[in-house]
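Q: Below: one structure in structure tokens.
Read the figures in this text as sums done on the coordinates, not as results from a lab. In this text, all values refer to a predicted model and were calculated from it rather than measured experimentally. Note that each Cβ is placed from the backbone with ideal geometry, even for glycine, and that neighbours are counted across all protein chains shown.
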Amino acid sequence: MVKRVAAIYDIHGNASALDAVLSEIENCHVDAIVVGGDLAWGPQPALVMERILSLSGNVYSIRGNADREVAGRYGAEQGLDDWIAEINQWCSDQLTEPQKEFLQNLPESVTLNIDGLGQVLFVHGSPRSDEEAIRKDTPDSEIAPMIDSVSQDIIVCGHTHIQFDRTVLGKRIINAGSVGLQSAARGACWLLLGPDIDLRETQYDYRHAADQIRLWCTHG
Ligand SMILES: [Mn+2]
């Protein structure tokens with residue numbers, strides 16, 4: 001049983017957003033961090049991997065679709081568009097072999113028993129696929145077959161980059177949102193669990209972050 005857990009999903013190679021969230025997490029006295037997949041696909045793959053791999057304490061990482069694609073250098077052979085293939089391969093080139101092996105070998109889910117909440121299942125997309133989307137407005141009938149073999153009462157997911165908290169067929173489904181590639185929010189979104197469920201958004205200087213990335217891309 002753990003008391004408080006931070007869930008950080010879809011960091012997508014944004015080191016500034018990750019740093020902002022990690023420093024806020026330090027003040028929350030969590031017992032564990034769940035890293036919910038799609039870590040490296042983005043502008044700063046190596047920085048993000050270094051940060052994640054140097055975290056101390058209980059860290060449970062799960063694999064997202066983009067981690068699979070970066071680690072495996074997915075390209076046109078896998079039916080991807082050219083620009084996605086190019087990003088996968090560029091990100092892959094930024095990482096060391098051990099970093100890629102780490103991504104490749106991550107489990108697809110983790111379950112934690114959290115004080116006040118019980119058994120919580122963490123997945124990237126849906127419980128049956130790392131690239132299946134569950135959104136705020138996905139019809140219950142579409143979600144039903146995705147969750148019918150799940151025994152836990154609470155499911156935490158990501159992948160679609162917008163936070164929500166809804167109940168479908170008796171299961172509470174929470175999307176942690178995205179730390180680094182937000183679709184709706186300005187800040188870095190994540191989730192604090194135990195004993196409550198707290199959808200968090202950490203503000204950071206995204207203009208400065210973008211400048212840093214541009215500088216780095218221009219001058220290597
Ligand atoms: Mn994803």
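Q: Using only alpha carbon pairs under 8 Å that are at least six residues apart, calculate the relative contact order of the chain and give it in whole percent.
A: After rounding, I find 23 percent.
Q: Placing unit charges on C-beta atoms (Lys and Arg positive, Asp and Glu negative, everything else neutral), compute the dipole magnitude of the stretch 150-199 about its Cα centre in debye, rounded to 20.
A: 160 debye
Q: Give me Rg over Rh for the stretch 39-160, both radii from the alpha carbons and Rh done the Kirkwood way, two decimal places.
A: Rounded to two decimals, Rg/Rh equals 1.01.
Q: From zero outward in steps of 5 Å, how is the percent of C-alpha pairs of the stretch 129-220 spread across the bins?
A: 3, 12, 20, 20, 15, 12, 7, 5, 4, 2, 0
Q: Within 10 Å, count the other beta carbons around each residue, average over each peptide in 130-138, 184-192, and list them highest first.
A: 184-192, 130-138
Q: State the Cα centre-to-centre distance between the stretch 143-193 and the stretch 1-33 in whole Å.
A: If we compute the Cα centre of each part, the gap is 16 Å.
Q: Sort out for me the Cα centre separation of the stretch 34-58 from the stretch 91-126, rounded to whole Å.
A: The stretch 34-58 and the stretch 91-126 have Cα centres spaced 11 Å from each other.
Q: Given Cα positions, please report Rg to Rh for the chain, the hydrodynamic radius being the Kirkwood one.
A: With Rh from the inverse mean 1/r over Cα pairs, Rg/Rh is 0.96.
Q: Packing-wise, with mean Cβ within 10 Å as the measure, how do 31-39, 19-27, 151-159, 84-92 rank, highest first?
A: Per-residue Cβ counts within 10 Å, averaged per peptide and sorted highest first, yield 31-39, 151-159, 84-92, 19-27.
Q: Pick out, from A76, G125, L55, the residue whose Cα sits farthest towards the positive end of the charge dipole of the chain, with +1 on the Cβ of Lys and Arg and -1 on the Cβ of Asp and Glu.
A: The Cα lying farthest towards the positive end belongs to L55.
Q: Can you give the convex hull volume of the alpha carbon atoms of the stretch 86-132 per residue, in Å³?
A: 110 Å³
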